[in-house]
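Everything below concerns the one structure shown next.
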Amino acid sequence: QVQLVESGGDLVQPGGSLRLSCVASGSIFSRYAMGWYRQAPGKERELVATITSGGSTNYADSVKGRFTISRDNAKNTVYLQMNSLKPEDTAVYYCRATWNFVYWGQGTQVTVSS
């Protein structure tokens with residue numbers, strides 16, 4: 001069983017920045033494929049960014065050039081740096097780990113509004 005705890009969500013003005021963190025349990029974090037997903041009210045959950053155990057990354061077209069996913073295996077943590085935030089980025093952001101099974105965190109709210 002892998003437990004994931006997200007943090008860093010907040011209310012931010014358009015054009016602002018936030019960094020989300022997700023801490024995972026387990027001693028083999030470096031083997032997990034990690035990802036960030038988001039779900040806005042009334043919409044389906046969608047992929048934001050993923051990072052493999054080897055460090056390869058993938059982004060949704062809507063966030064390319066603005067968001068950066070990274071991982072620190074020594075801290076069992078994956079990050080999502082979000083810059084140039086837009087109102088349409090408003091959503092609950094979820095961390096996901098994949099290692100034989102898929103695990104989800106509880107989510108953290110990001111609200112972009114003036």
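Values for this structure:
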| quantity | calculated |
| --- | --- |
| Residues of the range 90-100 satisfying the condition of being touching a residue at least 24 places away in the same chain (Cβ under 8 Å) and either more than 17 Å from residue 40 (Cβ to Cβ) or not in a loop (DSSP other than H, G, I, E, B) (or both) | 91, 92, 93, 94, 95, 96, 97, 98, 99 |
| Hits in the range 84-114 - residues which are closer than 28 Å to residue 53 by Cβ and open to solvent by 60 Å² or more (accessible area, probe 1.4 Å) | 96, 99, 100, 101, 102, 104, 106 |
| Residues that are in contact (Cβ under 8 Å) with a residue 24 or more places away in the chain and either small (Gly, Ala, Ser) or open to solvent by 70 Å² or more (accessible area, probe 1.4 Å) (or both), drawn from the range 24-40 | 24, 25, 26, 30, 31, 33, 35, 40 |
| Filter result (farther than 13 Å from residue 72 by Cα and open to solvent by less than 20 Å² (accessible area, probe 1.4 Å)) within the range 41-55 | 48, 49 |
| Looking only at the range 1-10, and only at residues there that are under 16 Å from the mean Cα position of the chain (by Cα), more than 16 Å from residue 71 (Cβ to Cβ) and open to solvent by 60 Å² or more (accessible area, probe 1.4 Å), the one that is modelled with the highest pLDDT | 10 |
| Residue list for the range 60-79, restricted to those being within 19 Å of residue 16 (Cβ to Cβ) and either open to solvent by 50 Å² or more (accessible area, probe 1.4 Å) or among the aromatic types (Phe, Trp, Tyr) (or both) | 62, 64, 65, 67, 68, 79 |
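Every residue, every condition in (1) of a type in the set (Gly, Ala, Ser); (2) part of a loop (DSSP other than H, G, I, E, B), yes or no:
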position: 37; (1), (2): no, no
position: 44; (1), (2): no, yes
position: 81; (1), (2): no, no
position: 84; (1), (2): yes, yes
position: 88; (1), (2): no, no
position: 114; (1), (2): yes, yes
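The values are calculated or read from the model by the stated rules, or taken from the named source; none is laboratory data. These numbers come from a predicted model, not from an experiment. Every residue, glycine as well, gets a Cβ built from its backbone with ideal geometry; the counts of neighbours run over all protein chains shown. Side chains included, ligands, DNA and RNA excluded: accessible areas come from the protein's heavy atoms. Shrake-Rupley method; radii C 1.70, N 1.55, O 1.52, S 1.80 Å.
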